[in-house]
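The structure appears right after this line, and notes come after that.
The values are calculated or read from the model by the stated rules, or taken from the named source; none is laboratory data. Everything numeric in this text was worked out from a predicted model, so none of it was measured. We place every Cβ from the backbone using ideal geometry, glycine too, and count neighbours over all the protein chains shown.
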Amino acid sequence: MSCLDVGCGGGAVTLDLARLVGPNGRVVGLDFDPVKLEHARQDALEKHVDNAFFVEADVTELEDVNLYDLIYCRFLLSHVKDPVAMLAKLFRALKAKGVLVIEDVDFRGHFSYPKNAAFDRYVDLFQQLAKKNDTNPNIGRKLHAMMVDAGLVNLEITLADLVFDKGDGKTTAKVTLDAIAPALLKAGLVEKAELATIGEELDKFTKSKRTLVSMPRIFQVWGTKVK
């Protein structure tokens, strides 16, 4: 069995797939980040997984045709400017009767308890920045229809809505806000003083033992290529 993990990052899913397909199978992890790929290769060596291969490439330039029995794509379509074209490339890369699995976010599905203005402002700013970059952080709810239009059949869909009262999941919003801060300022979407206030209030809110913070809602859709 031949598999492709598109936008594999550090390769955790790639290695899981490699274990599932066994020694007679082959899994390719594709990503543009050489640092993450090097970590993935080292992880594969340490865990003695020798049927996983990591390739540095721009996934939007994928030109493979009829090569894979399964393609896994997570959190990619929300970051490309032409997700329909990307989906078409993934479809072409599948063999007949191959399975395409896509997971992606619906960013406006975030919630907190109790409702918090700083958290809501972060969610709004992230979406504004994505719009500026011609990407769609709410593509999750569109995946099913997109996959129907692409020609996939026997579609199945699930929804993951994760919420945290502590730990890394709860601090993801603050970490993400800090990461996109330079881009937000450069795009003129927020003033520096307001951004600092949002960060301080968000940090205080997420550190409270009485609050809950969700991740983006995640849609998981998979289907089969007939021919």
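Some notes on this structure:
- Total residues in region 99-118 satisfying the condition of being farther than 22 Å from Leu159 by Cα, touching a helix residue (DSSP H, G or I) at 6+ places or on another chain (Cβ under 6 Å) and of a type outside the set (S, T, N, Q): the figure is 1.
- Residues located in region 1-11, provided they are part of a strand (DSSP E or B), within 17 Å of the chain's Cα centre (by Cα) and not β-branched (Val, Ile, Thr): Leu4, Asp5
- Pairs meeting the criteria (first residue in region 188-210 and closer than 12 Å to Leu125 by Cβ, second residue at pLDDT 95 or above and basic (Lys, Arg), beta carbons under 7 Å, at least 6 apart or on different chains) are Ile198/Arg121; Gly199/Lys174; Leu202/Lys174.
- Pair list, Cβ < 9 Å and 6+ apart or interchain, from region 75-96 residues that are over 14 Å from Leu62 (Cα atoms) and touching a residue at least 24 places away in the same chain (Cβ under 8 Å) to residues that are in a loop (DSSP other than H, G, I, E, B) and β-branched (Val, Ile, Thr): Ser78/Thr135; His79/Thr135; Lys81/Thr135; Ala96/Val226
- Of all residues assigned to region 119-140, at least one qualifies as being in contact (Cβ under 8 Å) with a residue 60 or more places away in the chain, closer than 20 Å to Ala173 by Cα and aromatic (Phe, Trp, Tyr).
- Lone qualifier among Gly188, Gly199 - being more than 29 Å from Tyr72 (Cα to Cα) and in a loop (DSSP other than H, G, I, E, B): Gly188
- Restricting the search to strands (runs of 3 or more DSSP E) fully inside region 12-106 and requiring at least 1 residues that are surrounded by fewer than 18 Cβ atoms within 10 Å (Cβ to Cβ) and hydrophobic (A, V, I, L, M, F, W, C) gives 52-56, 94-106.
- Subset of region 107-151 that is part of a helix (DSSP H, G or I) and of a type in the set (Gly, Ala, Ser) - its residue that is nearest to the chain's Cα centre (by Cα): Gly140
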